[in-house]
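The values are calculated or read from the model by the stated rules, or taken from the named source; none is laboratory data. If you're wondering where the values come from, they're calculated on a predicted model, not measured in any experiment. Here the Cβ positions follow ideal geometry from the backbone for every residue, glycine too, while neighbour counts run over all protein chains shown. The area values use the complete protein model at the heavy-atom level, side chains included, leaving out ligands, DNA and RNA. Shrake-Rupley method; radii C 1.70, N 1.55, O 1.52, S 1.80 Å.
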Amino acid sequence: RGQVYNWIHRYNEEAQGPLRSHRVRRCGRKKILSAEQTVDLLNYKQQQPFGSSRSARDALELPCSYRTVMRSLHQVGLHHRRPAKKIDLTNEHAQRRLAFAQENLNRDWGLVIFSDEKVFKTSMGTCQPLWRLGNTRYQPQNVSRLRHSGRITMSMWGWMFSAGPGELVRTSPRMTAAEYVNILQDVLLHSVEAMYSGLHQFTFVHDNSAVHKARMVSEWFRERPWIEVIHWSPKSPDLNPIENLWAAVVREWNDVDEGHHVRTRKQLYIHAQTVWERFRGQNTCENLVASMPRRLEDVIANNGFWTKY
């Protein structure tokens with residue numbers, strides 16, 4: 001027992017002395033990437049955030065595996081993230097969005113009816129790898145621009161109000177001005193009257209598509225002065241809360257029984273109607289409309305560019 005005690009005592013003394021310092025200096029493996037190579041890697045990914053760690057390694061001809069590249073990026077604060085997908089914005093679009101947000105920031109959105117068309121496509125876009133710093137999701141270099149492609153599956157039109165969703169109807173793939181006027185007359189006005197009989201005047205939102213700007217449509221609104229049409233900001237689906245209802249339809253566009261995405265028009269129509277009706281009697285639409293001031297504030301804070309909505 002005494003001998004064991006002596007060994008422990010000697011070890012403790014040596015652990016605090018030169019032997020311990022010698023061990024500490026020699027422990028660990030030498031880093032594969034030099035400090036200069038790490039800086040080059042950081043600069044490369046900040047300039048080209050999209051792309052895999054393998055592509056960065058090959059472009060810089062780094063003498064390491066892609067896993068080493070991933071670890072090095074994590075160490076300098078760049079992490080792999082799913083990019084935000086937004087429509088492309090020019091500086092002119094951003095300035096017009098900024099002016100719209102400033103002009104309408106104090107508007108009462110509680111009596112506004114939001115409408116929109118949704119075109120469902122069979123193509124389900126892929127996700128590019130993205131490496132970025134924290135809290136930079138919506139900076140222009142980190143946003144993936146939406147590109148429209150794929151065969152049109154089905155087109156729908158709907159409207160919503162702070163009190164709940166309105167009607168959801170199917171449209172032709174290439175809706176004409178005459179068809180849109182029929183929807184406004186036979187669907188919008190009738191459903192608003194049926195759901196909100198005391199609503200004698202309201203404000204209406206639709207985007208700047210060519211159909212909405214057609215002479216026939218403008219004349220229809222001009223003959224009904226009790227409907228105020230907001231001159232909507234260009235390239236601004238993030239400001240229309242009905243987009244969140246469309247997003248819910250897309251998120252749940254899944255065949256639970258078979259485990260694959262629903263593709264047929266009939267199945268999609270039934271699914272969209274089911275999800276749409278689910279919002280009735282809930283406060284989802286009320287909360288979405290209540291978010292309008294925050295959406296506009298985000299546009300102002302981002303100088304007209306993308307928001308988190």
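Note on Thr153: accessible area is roughly 10 Å² with a 1.4 Å probe, heavy atoms of protein only.
Exceedance of the 23 Å cut-off in Cα-Cα distance is limited, within the set Lys266/Lys308; Lys118/Lys235; Lys118/Lys308, to Lys266/Lys308. Solvent-accessible area per residue in the stretch 151-309 equals 50 Å², computed with a 1.4 angstrom probe and all protein chains kept. Take the Cα of Ser197, step 7 Å toward its Cβ, do the same at Thr90, and the gap between the two points is 5.1 nm.
The residues neighbouring Thr284, those whose beta-carbon lies less than 14 Å from its own, together hold a net charge of -1 under the Lys/Arg +1, Asp/Glu -1 convention.
Between Phe221 and Val39, the simple label model (points 7 Å from Cα in the Cβ direction) yields a spacing of 5.6 nm. Among the protein heavy atoms, those of Glu286 account for about 110 Å² of accessible surface (1.4 Å probe, every chain in place). Counting only Cβ charges, +1 for Lys and Arg and -1 for Asp and Glu, the dipole size of the stretch 164-231 around its Cα centre is about 220 debye.
Between Ile270 and Asn135, the distance separating the two model label sites (each 7 Å from Cα on the Cα→Cβ line) works out to 4.9 nm. Within the shell of other residues whose beta carbon sits under 10 angstrom from the beta carbon of Pro49, the net charge comes to +3, with Lys and Arg scored +1 and Asp and Glu -1.
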